[in-house]
């Protein structure tokens, strides 16, 4: 069979990389259609995945909208030439390309706030897959799986940390270090949202550097570190997960890396304007399981991060919670391969259930974090 995968961001490359490799090993023809956005192409090259570029987008909020027509034209042209039997993606590009080619499409969605994208994409999908923490009904073709999209590449069956990354980072074998990850807020679902400001970043670095080495990963490249007791994360982006697995703490105003930290057992403190009563289900569930902290105010972020750094029992507690959580999740790569070979018909796949069917366990149930 012939499979087409859309990777619009670096996170999408990680999501599909193992499924693409497995399907190719099984003798299928696979093509990745990629958007040139931040380090997306760097990752595709690193993992040696077959790809074509359908367009470029920078991290500014207006960049994507102005380029959409050209993106669609090139994506459809590439897709027609490849002639896929099934399309995978996370939104409008995949759904609309599949519809125009009359090719079934599977969407994997994990962000409840992206309402506009859901409206324009889900009616064209044969199947819509979301984590079982997803709290929004996307219709009769909506199915859920136990876990998170990051289980496609950070599940223990597909990922093993590499402690030698410490040498590349220039940190000692037992030296504590903090990864400070700053989002560019340039995606469609980020409109009207914000996170840690430049001034807050400076204050945060000054506080955290009292207890650990601080490495800053700034997607928008807006922060001037001159004179601050911190340095940039300057390794290849494909090594980020190894660095995150070894980190003492992640502090971030982004989304994906916070989830990744939870699956790696690295404490994480998240702060942005998504945090609140309408927050996404995966972050509510992970906080209930004691794997992340969500805070809205900067003062709370700074204090919580400091407290985690100074807690000598953090590592053992987080690894125990990680183990318990991952025992309930699926290897999402295996599931994606099963969905691909089933041509997107998921009714008979044991690892998924329809959204409105009752689950055996409530993923949002708290576990008494304060008592362990």
Response to the item:
Of all DSSP beta bridges with both partners in the chain, the antiparallel percent, nearest 5, is 5
Fill in: Distance between modelled label sites at residue 211 and residue 226, nm, 7 Å Cα→Cβ extension
3.1
Discussion item. Over the chain, with a Gaussian network built from C-alpha contacts below 10 Å, which listed residue (268, 238, 252) shows the highest mean-square fluctuation?
Written reply: 238
Worksheet item: Label-point separation (nm) for residue 1 and residue 58, each offset 7 Å from Cα along Cα-to-Cβ?
Response: 4.0
Worksheet item: Any idea what % of Cα-Cα pairs in the range 34-137 are farther than 16 Å?
Response: 62
Response to the item:
Listing 318, 46 by rising number of other beta-carbon atoms within 10 angstrom, fewest first, gives 46, 318
Worksheet item: Want the number for residue 116 to residue 278: 0.36 nm per residue separation, take away the alpha-carbon distance, what's left?
Response: 56.7 nm
Worksheet item: Rounded, prolate or oblate: which fits the range 165-326 when a ≥ b ≥ c are the square roots of the eigenvalues of the alpha-carbon gyration tensor, with rounded for a/c under 1.5 and prolate only if a/b beats b/c?
Response: rounded
Item to complete: Would you mind telling me which residue in 332, 179, 169 has the biggest mean-square fluctuation in a Gaussian network model of the chain, where springs connect alpha carbons within a distance under 10 angstrom?
Response: 169
Worksheet entry | Gyration tensor verdict on the range 258-329 (Cα atoms; rounded if a/c is under 1.5, prolate if a/b is larger than b/c, oblate otherwise) | oblate
Worksheet item: If the chain between residue 341 and residue 162 were fully stretched, how many nm would it gain, using 0.36 nm times the residue separation less the Cα-Cα distance?
Response: 61.2 nm
Practice prompt. Compute the length gained on full extension between residue 66 and residue 25: take 0.36 nm times their separation in residues and subtract their Cα-Cα distance, giving the result in nm to one decimal.
Written response: 10.9 nm
Fill in: Antiparallel bridge percentage (DSSP; both residues within the range 165-326; nearest 5)
0
Worksheet item: Which order results if 306, 174 are arranged by neighbouring Cβ count within 10 Å, fewest first?
Response: 174, 306
Worksheet, complete the sentence: Simple SL model, points at 7 angstrom along Cα→Cβ for residue 80 and residue 350; separation in nm is 4.4
Practice prompt. Select from 352, 120, 106 the residue whose mean-square fluctuation is largest in a Gaussian network model of the chain (Cα-Cα springs shorter than 10 Å).
Written response: 120
Worksheet item: In terms of the Cα gyration tensor, with a ≥ b ≥ c the square roots of its eigenvalues, is the range 108-244 rounded because a/c is under 1.5, prolate because a/b exceeds b/c, or oblate?
Response: oblate
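Taken together, the values in this text are just the output of simple stated rules run on the coordinates, not laboratory data. It should be emphasised that the depicted structure is a prediction, and the values quoted were computed from it without experimental measurement. No Cβ is skipped: glycine too gets one built from the backbone with ideal geometry, and neighbour counts run over all protein chains shown.
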